[in-house]
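Visitor: One structure, pasted below without further comment.
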Amino acid sequence: MSLNIDPRDTAVDAAATPSAETILWLHAAFCEVGLPIRAPRAAWQRDAGGVAIHIEPGATGHPLPGGPLLRLALLHICDQAFRTNSAVVELGGSDVVLAVRLGVEAKARELAEQVERLLAAKITVSLDGGAALTVFDARSRPRSTNATWRPSLRLNSGFFASLTGHAVPLDRRIVEALRDAPLALDAYAWIRRVLQRQVAGTTVTTSWDELLKRFGAASQDGGAFRPAFEAALRQVFDADLSISLAVDDDGVSAEHAAPQANVGAAPEAPPVTTEPEAPPAPQVQAEEAPPAAQPLPPAPPPAAAPAQLDLTMPEAAPPAPEPTRPASAQVVPVQQAPAQPAPASGATQETISLRSHVTGLQQVIWLRRGHGPESPLVGVTPGARFDADRLTVLTVEPMVMQVSGGLSKPDFEQVSAWVMVNRDLIDGFWDGSIASFEEIHGRVRRVPALSARWGMTASL
């Protein structure tokens, strides 16, 4: 059976390509296999695909590190060492300073604890079957359980040399979107490593048995691991516009999504696909605006009856050809829709779309401006690309009702719950009191109970 996600366009806007300013660098060993999801109670190790990571307690009696903050701390350390071309990494004057840099201000104390555990442990890595390298210089390790905050640390010279030759570029924006989901962070880093090593025009499928060895917990078998990893892949897919995924019983394949043609413009630099030889020079670029949605058609005339509502769109251009895959791997392609530039701050849009990572729903929500006294309407599509044939239209007054289309009862209940939670937002955009994508994106509310359904519905 295959992962049931609707195919999407293969074209990706240039805005989806990370700039030098948004790139974070991570050692390849931490990309090829997963780190502990929770803090281990004893020495922990993972050895798969020629990569090994060992985490052992130090002499101070600190517990071992684990979870998302471990990943964020290691990512920051590797990135700073690679950027500055120095084995000495500055952490900042306090745990709060580092927490602000990592975007986890509310977790400064937890972050400080993870850093202490990280430095107290003995961590070794080996890549491609090579020698085991200790990550931190012994001078960085605390000598007691009452260690104070360290403003800097030093990497082991062997690990630092390995980092300069085996760094993997990650997009800071994707990391921020996934920072509370450790398995999704692992899956994202692994995908970027796969794409870095992938020969152009080829497709490599990683089996579920191999993925279980790389990312599964000790207590998991294949039946428990696959739904969890598919849910993590969904999170990555929603956040990263530059990838194309395929999932079936044989395993998981990842490819670069085809770039969108930009007629008359200078060619964009290709994504980083080779291992770097030297740290890149820092560059300062303007922050990219969030992607905006494709427009829905104008609202129907006020006199139109609900059954005659016209929410169809002009016929879209056909999608780019799907990448060639082995005949034996009957996969279902999972591809991103093109991102489009957002309007300038304060600009008014007629329609917007809200994708899964924003709403917590599996479907994509489409909102538009109202014209006249009719009740607010909400569009729902199964994928990010607007498909009039698969559009469901809901009216939200006096209660949420399906005007056209056909959501299943469980899906309708989920979407209805989201609509009720975001009713003020929907009304505000409908009547024009909310005027921009930035404003609505900042105010949209998820339905917390719905997020867990990713893991329940990933394998169909």
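Visitor: Averaging sequence separations of C-alpha pairs under 8 Å and six or more residues apart, then dividing by the length of segment 91-205, give the relative contact order as a whole percent.
Guide: 19 percent
Visitor: What is the distance, in nm, between label points placed 7 Å from the Cα along the Cα-to-Cβ direction at Q45 and at S152?
Guide: 3.4 nm
Visitor: Also, I was wondering about something else. Excluding L111 itself, what net charge comes from residues whose Cβ is under 11 Å from its Cβ, given Lys and Arg +1 and Asp and Glu -1?
Guide: -1
Visitor: Given a Förster distance of 56 Å, report the FRET efficiency between V88 and D221 from their Cβ-Cβ distance, rounded to the nearest 0.05.
Guide: Taking R0 as 56 Å, the efficiency between V88 and D221 is 0.80.
Visitor: P(r) of segment 196-238 in 10 Å steps, Cα pairs, percent per bin?
Guide: With a bin width of 10 Å, the distribution comes to 24, 44, 28, 3.
Visitor: Could you calculate the FRET efficiency of K409 with A388 from 1/(1 + (r/R0)^6), where r is the beta carbon distance between them and R0 is 35 Å, rounded to 0.05?
Guide: It comes to 0.95.
Visitor: If r is the Cβ-Cβ distance from A417 to H441 and R0 is 30 Å, what FRET efficiency results, to the nearest 0.05?
Guide: Given R0 = 30 Å and the Cβ-Cβ separation, E is 0.90.
Visitor: Tell me, what is a quarter of the convex hull surface for the C-alpha atoms of segment 109-256, in nm² with one decimal?
Guide: Computed as one quarter of the Cα hull surface, the answer is 10.9 nm².
Visitor: Something else: I'd like the distance separating the alpha-carbon centroids of segment 64-96 and segment 402-428, in whole Å.
Guide: Going from one Cα centre to the other spans 42 Å.
Visitor: Averaged across orientations, what area in nm² does the convex hull of the alpha carbons in segment 177-253 project?
Guide: Averaged projected hull area, Cα only: 5.2 nm².
Visitor: Which value, in debye to the nearest 20, describes the size of the charge dipole of segment 114-257 about its Cα centre when Lys and Arg Cβ atoms bear +1, Asp and Glu Cβ atoms bear -1, and nothing else is charged?
Guide: 1060 debye
Visitor: Under a Cβ-Cβ cut-off of 13 Å, what is the net charge of the residues other than V125 that fall near it, where Lys and Arg count +1 and Asp and Glu count -1?
Guide: With Lys, Arg at +1 and Asp, Glu at -1, the neighbours total -2.
Visitor: Less than 11 Å Cβ to Cβ from T351, Lys/Arg counted +1 and Asp/Glu -1: what total charge do the surrounding residues give?
Guide: +1
Each reported figure results from applying straightforward, stated rules to the coordinates on display, with no laboratory input. Computed from a predicted model, the values in this text were never measured in an experiment. Here Cβ is always computed from backbone atoms with ideal geometry, including for glycine, and neighbour counts include all displayed protein chains.
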